[in-house]
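Let me begin by handing over the structure; questions about it come next.
The values are calculated or read from the model by the stated rules, or taken from the named source; none is laboratory data. Predicted model, so just to flag it, every value in this text is computed and none were measured. Don't worry about glycine lacking a Cβ; one is built from the backbone with ideal geometry, like all the others, and counts go over all protein chains shown.
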Amino acid sequence: MILTGLSLVTLLWQACSPQKTTEQSVPQTAAADTYLDYSSRDDLLSGGVKMIPVNTPSGDFKVWTKRTGNNPDMKVLILHGGPGMTHELYESFDSFFPTAHIEYYYYDQLGSHYSDQPEDGSLWETARFVEEVEQVRKALGLNRENFYLYGHSWGGILAMEYALKYQQNLKGLIISNMMASCPEYGQYAREVLAKRMPDEVVEEIYALEAREEFDNPRYMELLLNHHYVQHVLRMPLEKWPDPVNRALNHVNPNVYVSMQGPSEFGIRGKLENWDRKADLPKISVPTLVIGAQFDTMDPEHMEWMASEVQQGRYLHCPEGSHLAMYDDQQVYFDGLIQFVKDVNDGKFPNGDS
């Protein structure tokens with residue numbers, strides 16, 4: 001999960017400047033006239049954007065979604081991380097999903113930048129977010145014949161929770177860069193990742209955390225230079241892509257801190273004791289688990305997760321970190337697209353029909 005705050009945003013924007021993008025070679029696999037024909041869609045006027053009403057215990061609100069493409073068989077709903085981040089973090093999908101003929105939906109969860117942002121802490125509960133996803137699914141007309149649910153980081157928690165309650169609605173499930181246990185995630189951060197940093201850096205980070213100086217610019221400076229560029233996104237800060245910077249600039253700290261907590265080394269919020277390891281065998285739909293060698297999450301744990309679900313496949317990104325869709329992009333999207341197509345073609349899990 002990605003810790004952010006006003007100090008992080010300030011440092012990022014000071015460090016980052018516009019950069020040229022590198023074109024990726026992607027095979028053309030779809031008839032563009034069909035995929036891009038939105039004439040029969042009810043979101044034609046808004047370019048695919050829909051504000052979807054959701055009912056909550058605290059009243060009715062609206063969440064932002066945006067569709068790209070047409071495909072009756074392959075539709076991916078993207079659950080962003082955070083909690084409290086935005087869909088912007090995943091705009092790299094625009095470079096790959098259209099040419100693979102995959103219809104996909106960006107979606108800002110309640111409390112996130114493009115959706116309503118009620119100031120009601122009781123709404124930031126995992127079970128309520130699950131019901132929100134189910135309402136969004138119904139509004140978008142997604143069903144077992146076409147619905148792939150993708151979740152990254154916190155979105156991976158939400159995707160697992162959704163599958164454990166509503167997997168009868170799913171065609172496929174993708175859990176990206178998220179372990180099935182928050183306590184074990186915290187343990188990995190403390191016992192593995194922290195030991196890869198200089199001792200004096202770790203001691204200073206822990207001292208700042210003990211004093212709860214999470215907004216201290218020094219705290220974020222240490223994390224950025226010794227942790228983020230190694231395990232969140234393995235690029236120099238000045239080269240971080242624009243979608244990443246915009247997403248960090250738009251984070252809702254009220255949602256993030258409530259659920260994740262303020263610390264990067266372990267979870268102190270409502271998710272502190274979340275653990276679904278024992279329930280993974282209950283997930284019967286085709287499932288892809290994505291891990292990365294330099295992730296904030298333990299890649300061995302995520303490979304194990306793929307063996308625990310009933311129909312699992314593991315995708316390893318050897319050069320990637322938590323945002324492997326940027327720093328190991330070709331491996332990430334080749335594997336993700338192959339999974340969606342294999343499930344659609346009846347060739348899952350081994351690529352054989």
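Please go through the range 318-341 and give me each residue that is out of contact with any Cys (no Cβ under 6 Å at 6 or more places or on another chain), in a helix (DSSP H, G or I) and more than 19 Å from Pro98 (Cβ to Cβ), ordered by number.
Scanning the range 318-341 gives a single hit, Asp327.
Sort out which residues of the range 116-141 are part of a loop (DSSP other than H, G, I, E, B) and of a type in the set (Asp, Glu), and write them in order of number.
Correct list: Asp116, Glu119, Asp120, Glu125.
Further, regarding this structure: Tally up the residues in the range 71-115 that are assigned to a helix (DSSP H, G or I) and out of contact with any Asp or Glu (no Cβ under 6 Å at 6 or more places or on another chain), please.
Kept after step one, since they are assigned to a helix (DSSP H, G or I), are these residues of the range 71-115: 87-95, 98-100.
With the extra rule that they be out of contact with any Asp or Glu (no Cβ under 6 Å at 6 or more places or on another chain), the set shrinks to 88-95, 98-100.
Counting residues in the range 71-115 that are assigned to a helix (DSSP H, G or I) and out of contact with any Asp or Glu (no Cβ under 6 Å at 6 or more places or on another chain) gives 11.
In addition: Can you pull out the residues in the range 253-292 that are surrounded by 19 or more Cβ atoms within 10 Å (Cβ to Cβ) and polar (S, T, N, Q)?
Ser258, Gln260, Ser263, Thr287
Quick check on this structure: which one of Glu88, Glu134 is among the acidic types (Asp, Glu), under 11 Å from the mean Cα position of the chain (by Cα), at pLDDT 95 or above and more than 21 Å from Gly346 (Cα to Cα)? Step through it out loud before you land on a result.
Numbers: Glu134 fails: under 11 Å from the mean Cα position of the chain (by Cα).
Exactly one of Glu88, Glu134 is among the acidic types (Asp, Glu), under 11 Å from the mean Cα position of the chain (by Cα), at pLDDT 95 or above and more than 21 Å from Gly346 (Cα to Cα), namely Glu88.
Of everything in the range 197-238 that's buried (at least 19 other Cβ atoms within 10 Å of the Cβ) and among the hydroxyl-bearing types (Ser, Thr, Tyr), which residue is nearest to the chain's Cα centre (by Cα)?
Tyr228
If you don't mind, there's one more thing I want to ask. Just one of (1) on the phi > 0 side of the Ramachandran plot; (2) not in a loop (DSSP other than H, G, I, E, B) trips up Phe61, so point out which.
The one condition Phe61 does not meet is (1).
Just for the range 142-160: of the residues that are assigned to a helix (DSSP H, G or I) and out of contact with any Phe, Trp or Tyr (no Cβ under 8 Å at 6 or more places or on another chain), which one is surrounded by the most Cβ atoms within 10 Å (Cβ to Cβ)? Give the derivation first.
So in the range 142-160, the residues assigned to a helix (DSSP H, G or I) come out as 154-160.
Now restrict to residues that are out of contact with any Phe, Trp or Tyr (no Cβ under 8 Å at 6 or more places or on another chain): 154-156, 160.
Values: Trp154: 26, Gly155: 32, Gly156: 27, Met160: 26.
Out of the qualifying residues, it is Gly155.
Being assigned to a loop (DSSP other than H, G, I, E, B) and hydrophobic (A, V, I, L, M, F, W, C) is the filter; apply it to the range 25-45 and report the residue that is modelled with the lowest pLDDT. Reasoning before the result, please.
Of all residues in the range 25-45, those assigned to a loop (DSSP other than H, G, I, E, B) come to 25-31, 36-45.
From what is left, the residues that are hydrophobic (A, V, I, L, M, F, W, C) are 26, 30-31, 36, 44-45.
On the way: Val26: 39, Ala30: 42, Ala31: 58, Leu36: 86, Leu44: 92, Leu45: 92.
Step by step, filter the range 25-45, then rank; the result is Val26.
Take the residues in the range 35-48 that are surrounded by fewer than 14 Cβ atoms within 10 Å (Cβ to Cβ) and of a type in the set (D, E, K, R); name whichever of them is nearest to Phe97 (Cα to Cα). Reasoning before the result, please.
Kept after step one, since they are surrounded by fewer than 14 Cβ atoms within 10 Å (Cβ to Cβ), are these residues of the range 35-48: 36-37, 39-42, 44-47.
Checking the rest, the ones that are also of a type in the set (D, E, K, R) come to 37, 41-42.
Numbers: Asp37: 16, Arg41: 19, Asp42: 21 Å.
Of everything passing the filter in the range 35-48, Asp37 is nearest to Phe97 (Cα to Cα).
Turning to a different aspect of this structure: Of the residues that sit in the range 49-103 and are of a type in the set (Gly, Ala, Ser) and under 19 Å from Val340 (Cβ atoms), which one is surrounded by the most Cβ atoms within 10 Å (Cβ to Cβ)? Outline the logic, then answer.
Filtering the range 49-103 down to residues of a type in the set (Gly, Ala, Ser) leaves 58-59, 69, 81-82, 84, 92, 95, 100.
With under 19 Å from Val340 (Cβ atoms) added as a condition, the list becomes 69, 92, 95, 100.
Details: Gly69: 22, Ser92: 19, Ser95: 15, Ala100: 24.
If we take residues in the range 49-103 being of a type in the set (Gly, Ala, Ser) and under 19 Å from Val340 (Cβ atoms), then Ala100 is surrounded by the most Cβ atoms within 10 Å (Cβ to Cβ).
Modelled with pLDDT under 95 and not basic (Lys, Arg), is that true of Glu191?
On the way: modelled with pLDDT under 95: yes; not basic (Lys, Arg): yes.
So Glu191 passes the test.
Next up: Going by what's in this entry, would Leu288 be described as out of contact with any Gly (no Cβ under 7 Å at 6 or more places or on another chain), over 30 Å from Leu208 (Cα atoms), among the hydrophobic types (A, V, I, L, M, F, W, C) and not in a helix (DSSP H, G or I)? Step through it out loud before you land on a result.
Numbers: out of contact with any Gly (no Cβ under 7 Å at 6 or more places or on another chain): yes; over 30 Å from Leu208 (Cα atoms): yes; among the hydrophobic types (A, V, I, L, M, F, W, C): yes; not in a helix (DSSP H, G or I): yes.
Yes: the conditions hold for Leu288.
Each row is one residue, and each column tells you yes or no for (1) of a type in the set (A, V, I, L, M); (2) farther than 30 Å from Asp116 by Cβ.
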| position | (1), (2) |
| --- | --- |
| Pro253 | no, no |
| Ser263 | no, no |
| Leu280 | yes, yes |
| Glu303 | no, yes |
| His316 | no, yes |
| Leu323 | yes, no |
| Phe333 | no, yes |
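Taking the range 88-105 as the region of interest, how many residues are out of contact with any Lys or Arg (no Cβ under 7 Å at 6 or more places or on another chain), over 14 Å from His152 (Cβ atoms) and among the charged types (D, E, K, R)?
Of the residues in the range 88-105, 1 are out of contact with any Lys or Arg (no Cβ under 7 Å at 6 or more places or on another chain), over 14 Å from His152 (Cβ atoms) and among the charged types (D, E, K, R).
I'd like to know if the range 267-290 contains one or more residues that are modelled with pLDDT under 95 and hydroxyl-bearing (Ser, Thr, Tyr).
Scanning the range 267-290, I find no residue that is modelled with pLDDT under 95 and hydroxyl-bearing (Ser, Thr, Tyr), so the answer is no.
Within the range 173-275, considering only helices (runs of 4 or more DSSP H) that don't extend past its boundaries, which have at least 1 residues that are free of Cβ contacts under 8 Å to residues at least 40 places away in the same chain, closer than 25 Å to Leu89 by Cα and hydrophobic (A, V, I, L, M, F, W, C)? Write out each step before concluding.
Values: elements: 182-188, 199-210, 217-223, 242-249, 253-259.
Passing ranges, in order: 217-223, 253-259.
Let me ask you something else. Would you say Asp120 is surrounded by fewer than 22 Cβ atoms within 10 Å (Cβ to Cβ) and either of a type in the set (Gly, Ala, Ser) or in contact with a Leu (Cβ under 7 Å, 6 or more places away or on another chain) (or both)? Walk me through it before giving the result.
Details: surrounded by fewer than 22 Cβ atoms within 10 Å (Cβ to Cβ): yes; either of a type in the set (Gly, Ala, Ser) or in contact with a Leu (Cβ under 7 Å, 6 or more places away or on another chain) (or both): no.
Criteria not met by Asp120.
Continuing with this model, one more query. Could you grab the pairs with beta carbons closer than 7 Å, sequence gap of 6+ or different chains, first residue in the range 63-84 and under 13 Å from Gly47 (Cα atoms), second one surrounded by fewer than 24 Cβ atoms within 10 Å (Cβ to Cβ) and basic (Lys, Arg)?
Cβ pairs passing all conditions: Thr65/Lys50.
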